[in-house]
1. Please enumerate the residues belonging to the stretch 41-71 that are free of Cβ contacts under 8 Å to residues at least 12 places away in the same chain and closer than 18 Å to ARG92 by Cβ.
2. Only one of these conditions is not met by ILE65: (1) touching a His at 6+ places or on another chain (Cβ under 9 Å); (2) more than 16 Å from LEU99 (Cα to Cα). Which number is it?
3. How many of the residues in the stretch 69-118 are β-branched (Val, Ile, Thr) and either within 15 Å of CYS30 (Cα to Cα) or in contact with a Gly (Cβ under 9 Å, 6 or more places away or on another chain) (or both)?
4. Pull up the stretch 101-116, narrow it to residues that are over 13 Å from the mean Cα position of the chain (by Cα) and not in a helix (DSSP H, G or I), then point me to the one that is surrounded by the most Cβ atoms within 10 Å (Cβ to Cβ).
Amino acid sequence: MTVLDASALLAFLFREPGHERVADVIDDSCMSTVNLAEVLTRFTRDGHAAAAVLARLRRSAIAWIPLVEDHATAAAELAPLTASYGLSLGDRACLALALMRGEPAMTADRQWAQLDLGIRIDLIR
């Protein structure tokens, strides 16, 4: 299974460079609901109804993982390790989920390649 960052799913949805890499794993992927909120936010900024976008995304094979206490704690504990890279809460939620599951994280954010967290980071471009 691959843990998707919002940037990876958005690249897939908008057919941006690297979307093929996401297509290869999307049927065996999961995403934090924090990152889902980021994706929905992007669409609402363009005038789309979040509920309609969510309904379409629910039909995908992506497993949506709620942010629970352990996940929130793991994301918070990444803050000092990632502060110099300027990672957002969404970034850390994705990475925390990947760490908790022992799965690779997929992103379009190139600065993640500099991280040494003990998990594989798959860059889509």
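We did not get these values from a lab; they are worked out from the coordinates using the rules stated. Because the structure is predicted, anything quoted here is derived from the model rather than measured. In this analysis, Cβ positions are derived from the backbone assuming ideal geometry, glycine residues included, and neighbour counts consider all displayed protein chains.
1. Those that are free of Cβ contacts under 8 Å to residues at least 12 places away in the same chain and closer than 18 Å to ARG92 by Cβ: THR41, VAL68, GLU69.
2. In the conditions (1) touching a His at 6+ places or on another chain (Cβ under 9 Å); (2) more than 16 Å from LEU99 (Cα to Cα), ILE65 misses (2) alone.
3. At the first step, the residues of the stretch 69-118 found to be β-branched (Val, Ile, Thr) are 73, 82, 107.
Now narrow it down to the ones that are either within 15 Å of CYS30 (Cα to Cα) or in contact with a Gly (Cβ under 9 Å, 6 or more places away or on another chain) (or both): 107.
Counting residues in the stretch 69-118 that are β-branched (Val, Ile, Thr) and either within 15 Å of CYS30 (Cα to Cα) or in contact with a Gly (Cβ under 9 Å, 6 or more places away or on another chain) (or both) gives 1.
4. Here is the first cut: in the stretch 101-116, the residues over 13 Å from the mean Cα position of the chain (by Cα) are 101-102, 110-111, 113-116.
Applying the additional criterion that residues be not in a helix (DSSP H, G or I) yields 102, 115-116.
Working: GLY102: 10, LEU115: 18, ASP116: 7.
If we take residues in the stretch 101-116 being over 13 Å from the mean Cα position of the chain (by Cα) and not in a helix (DSSP H, G or I), then LEU115 is surrounded by the most Cβ atoms within 10 Å (Cβ to Cβ).
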